Amino acid sequence: MPLHDSHNHLQRFADPARIIAEMRAAGVEGCVVNGTGEDDWEQVAALAEAFPDFVRPAFGLHPWKAHLASPAWADMLESHLDRFTNASVGEIGLDGWVADPPLETQRPVFLRQLALARARGLPVTIHALKAWDPLFDALKAEPPPERFLLHSFGGSTELAKRLADLGAWFSFSGYFLHPRKAKVLDAFRAVPQDRLLLETDGPDMLPPDELVSHPLPDGKNHPANLPRIGEGLAEALEMPFNQLAELTRANHARFFDLAPLP
């Protein structure tokens, strides 16, 4: 059963064409490549143009780069969204794990992008880490678009339920299959199944060694590891892998507004 990687950063690989070929061979039929700022949006755009049947672009200003934004960042973002009618907004969000930039700098950048996504009716991919109260405050101040995704969600069961009540979707990355992260699996058992997606966040969020089908140097996570990640999640959810694959493939299509899948 083919899979979709709902979140990665393919632009950070030295040879993305080879990575894509290996993803296809592993049974991955497409992915969403997320930009993180003005320094990589054009790389994402180039991948979307070179592999239009495989790469869907997402453009956003990541919270780690909020302090690096030029005065023209919002105009540049809109120009990329104008250029690609199949684009989404992401990766954006709030991060309390980093001290610089502080949340006070991240928040207005995040709010502006939420408003932009809502005005355009685009799905949005959100990064949230150690900033849950600020996230809920932000979503109250600037309501998100109808489709908003908490990527690589690592929160509690309680947080999953609160966010689901707001309409959130959730994508799972293989890093949370490490035994020390078992509580995150409890949260995914509470996630509505019709809002569950699968991702690698490659080259980050490496799964446990036994689930790495495509090892890379320096601990990088190959997006072709996605099927093994799916198998690990299916086992944790006590669900047949084919059922999880079909479910997440259909959910991916609905979230990113793809044509009906065969």
Tell me, what HN-Hα J-couplings in whole Hz come from the Karplus equation 6.51 cos²θ - 1.76 cosθ + 1.60 at θ = phi - 60° for each residue of the range 222-235, using x for Gly and Pro?
-> 6, x, 6, 6, 3, x, 5, 4, x, 5, x, 5, 4, 5
Just need the Rg to Rh number for the range 120-167, please, alpha carbons only, Kirkwood Rh.
-> 0.93
Sequence-distant or interchain residues sharing an amide H contact under 5 Å with Phe153, placed H: which?
-> Ser171, Ser173
Any idea what Rg and Dmax come out to for the range 3-255 if you just take the C-alpha atoms, in Å?
-> 16.9, 50
Residue-span extension gain [Glu246 to Lys181] - 0.36 nm each, minus C-alpha spacing = 20.9 nm
Hypothetical label at Ala72: residues of the range 22-48 whose amide nitrogen lies under 19 Å (7 Å Cα-Cβ projection) | 36-46
222 nm [θ] for the chain, helices only, -39500 (n - 2.57) per DSSP H run of 4+, per residue, to 500?
-> -12000 deg cm²/dmol
What is the gain in length, in nm to one decimal, between Arg12 and Met239 on full extension, counting 0.36 nm per residue of separation less the C-alpha to C-alpha distance?
-> 78.4 nm
May I ask for the percentage of alpha-carbon pairs in the range 1-98 that lie more than 18 Å from each other?
-> 45
Tell me, what ³J(HN,Hα) does each residue in the range 97-105 have, in order and in whole Hz, if you take phi through Karplus 6.51 cos²θ - 1.76 cosθ + 1.60 with θ = phi - 60° and put x for Gly and Pro?
-> 6, 9, 8, 9, x, x, 4, 5, 7
Farthest toward positive dipole pole in the range 3-255 [+1 Lys/Arg, -1 Asp/Glu at C-beta], among Gly230, Ala182, Pro101 = Ala182
HN-Hα J couplings of the range 128-144 from phi, Karplus 6.51/-1.76/1.60, θ = phi - 60°, integer Hz, Gly and Pro as x?
-> 9, 9, 6, 8, 5, 4, x, 5, 4, 5, 5, 5, 6, 6, 9, x, x
Separation between Cα centres of the range 180-237 and the range 6-76, rounded to whole Å | 20
Determine, for Leu68, Leu129, the number of other Cβ atoms within 10 Å of each Cβ, and report the residues in order from fewest to most.
-> Leu68, Leu129
For Thr200, enumerate residues with amide H under 5 Å from its amide H, sequence gap 5+ or separate chain, H modeled in the peptide plane.
-> Ser6, His7
Dipole moment magnitude, nearest 20 debye, the chain about Cα centre, only Lys, Arg, Asp, Glu C-beta charged = 460
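Here, each number is a calculation from the coordinates, and none is a lab measurement. Just so you know, these numbers come straight off a predicted model, no measurement behind them. Cβ coordinates were reconstructed from backbone atoms using ideal geometry, including for glycine residues, and neighbour counts include every protein chain displayed.
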